[in-house]
Every structure is written in C-alpha cells, then in structure tokens.
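The block underneath contains the structure these notes are about, expressed in structure tokens.
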C-alpha cells in the first residue's frame, strides 16, 4: 500500500466530507422511508397485488423482497470494490459512480405511476444500491479526513449534517405534498416531484463533496500498471485480498467482538426505526400527520444527539458513551411497550432522535478507530455487509411474535434482548488507545 495514503486534511475537506451526508440523507428520509413506500402501496401496485410467476404478492411483500435484493447486491459488491478502492486510490471515483446512479434513479421516479410496478422497483433498486454502496466509500474516507483523536467529533458532525439536510429537504417535500392543491398539482404528482427533488438534492450537493475531497494516489501493481487501465488487475487483486479479510479482521484486537456487538444492538436499532411507523399506525391508530411530524422530530433531534454523544465520548471514552446509547435504546423499547397516546409517541420520537444520532455516529467512529487506516474502504465494505445482515433477524422476530400474539406490543418488548446482548458484548471490547485531537 502507498505510504502516502493517510491524508492530512483541512477544515475545508472535513466540511466537504460532511456535505455528502447532507446530500444523500434527503434520499433515505424522503424516498426510502417516507414517500415511496406509501406511494408504492397506494398507487403503483394494484389493489389486489401484483402477480409474479402465477403468485400474487402484496405491496408489502414486494417491498420486503426489494429491500432484501438491494441488500444482497451490496453484500456481494461492497467488499470487492472496497478492496479495489483501497489499493487503487479509487474511493472518490467509486463514491461518485454510486452517487450518480442513485441520484439519477431517484429523479427518474418522477416517471413512476399506477401499474408501473417493475419500473418503479427497478428504479428503487438502483437508488438503494447507489445509496448503500456510496456510503461504503463515504465512510471509508473518515480515517483520512479526521485526525485519530478527532474521529468521534467528525463522525458526529457528518451525521448532524445529514439529519439537518435530510430533515430540511423532507420538510420542504411535506410542504409540497400538503400544499399540492394550492400549487395546482395532483397529489400523486406532488409525491413524485418530492422524490425527484430528493434525487436532485442528493446529486447537487454531492458536487461540493467531490470538489473538496482529495485522495492519495494508489499503489502501483507489481507490473508497474496503475490507474484506470489497470482495473482488471486491480479486480483480481481485490478478489485475492477479499478472501482473506475475515482472517485479518480477527487479527485486529477487539474488531471481531465489536462487530458481534454491533450485529445485535444494530438489529434492535434498525427494527425500531423500520417498524416505528407501522407500530404507531396499527397498534396506536395514529394519523399520518402525527407519524410524519414524529419523523421530522427524530431528524432534527438527532442533530443534537450526534453532537451530545460525541462530547460524551471525549469525557468517558467512545466505548462507554456508545454503551450508554445502547442502554437508552433498550429503554426506548420498554417505553414503547407501554405507550398509548400521540403525546407519548412524540416523546418517543424525541428520545429515538437523541440516541439514534449518538449510536450511529459513535459506532462508525469506534469502528474507524479499530481498523487499519490504509484498508479503510475494504473494512468499511464489510461494515456495510454486517450492517445489512444485522437488519434481518430483528424484523423477523417482530413479525413472528406479532403474528403469534396478535399484538405488536409483545414484539417491541422482545427487542430488549438485542440491546442487552449487544451491551454485554460491547462491554468486553478492548478500548482503542486514546489519541489526542
């Protein structure tokens, strides 16, 4: 590997890196979480469902398979491309390629409509792969734009930018949808325009990231080739390195144990995030207005959470601050079990925003502390894989318990187990040596 891979970054470069979170959070908030799932179920898929190979599937089933397929694509691609990016110096190029694919696909959702099931699914698949795949290389820049002692603060700032940017764009999109009659728009067209707007926001602000991020040159291949012309050789090298990554991960002190802890507590986190709206709708009977306002509360409170927990990390170490966040997540699950009003749901949104900002930012910075900086894209590729895998069991447990008991309350309480196990494993992780900022 190139000895020059570690970059001495500037505040301008840190700002450029954070702006990518500002840019792509518009997609995940507006398209993936809020607007497209509802539009897909209510408008795109026929009322009786869509028929695939003689089997009729509901909108919810199609959506679940689509999420799984996009996760599988990243599972297969991320480790290989991460290994290639580390050696070749192509992190920025891969980030640009995934961003372009995702943002253009989001804009093209403007062409979606009633009955266009496969076209809409294809566009969302490309957008989702662009989002998750791009984040592999975005996260991989963290050890190169932040000094070792500044990882928590910079990681937290990135998430804060994301919550603010995503929340602002989401608020504008909600205004567009809510005021569609005053603007002379059909409601469905307003929803499609909101999704296209998110894609433009993502691609447009990302240009500022690409202008400001620098990357050290990659290492030359044994034959002397380097650059784009050496892509086939880099791919072969990437495959070779990818096969041995788990062995290298086990050799990094504390890394395997941290990933095991992350698998459990992140499963609980992702289940709370993905099921909160359904829980509020089916179990509490809350209106769409309450549910959307709660999403906005979560977005903006998460800004405070990311900053608060980055400061706590400086006072009590990253691991202990992260353990506090995981413990609070367990408290959220217990609180959700007993709530029965809109006011309590709003309060839960505030708590979720606070701990979500902290747990996401500190998980990323803790991982960045543990991994070798010169292989950041490769290791963050596997971090992305673990993140995708850790979002499978929790929703499955939730669904099984809810179906067997006829209530989501018992299901939400079962999530406490994930947080308890994750907390216990995290307590065993060796704390990385503190480094002065």
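How high is the FRET efficiency from residue 147 to residue 12, r the C-beta distance, R0 25 Å, rounded to 0.05? Approximately 0.95, to the nearest 0.05. Both numbers refer to the Cα atoms of the stretch 80-209; Rg and Dmax are 17.1, 54 Å. So how far, in whole Å, is the C-alpha centre of the stretch 305-381 from the one of the stretch 112-127? Measuring centre to centre over Cα atoms gives 33 Å.
For the stretch 252-324, dividing the convex hull volume of the Cα atoms by the residue count gives 102 Å³ per residue.
Note on residue 404/residue 122: beta-carbon distance plugged into 1/(1 + (r/R0)^6) with R0 of 56 Å gives a FRET efficiency of 0.95.
For the stretch 118-188, the alpha carbon positions stretch 52, 30, 11 Å along the principal axes, listed from largest to smallest.
In terms of surrounding Cβ atoms within a 10 Å radius of their Cβ, 329, 414, 118 rank from fewest to most as 118, 414, 329.
Within the stretch 308-384, the ratio Rg/Rh, alpha carbon atoms throughout and Rh by Kirkwood, equals 1.11.
Full extension of the chain segment joining residue 69 with residue 111 gains 12.9 nm, where the gain is 0.36 nm per residue of separation less the Cα-Cα distance. For residue 178 and residue 56, the difference between the fully extended length at 0.36 nm per residue and the C-alpha to C-alpha distance is 40.6 nm.
Since every read-out is calculated from the coordinates, none of them should be taken as a lab result. Fair warning: this is a prediction, and the values are worked out from it, not measured in the lab. No Cβ is skipped: glycine too gets one built from the backbone with ideal geometry, and neighbour counts run over all protein chains shown.
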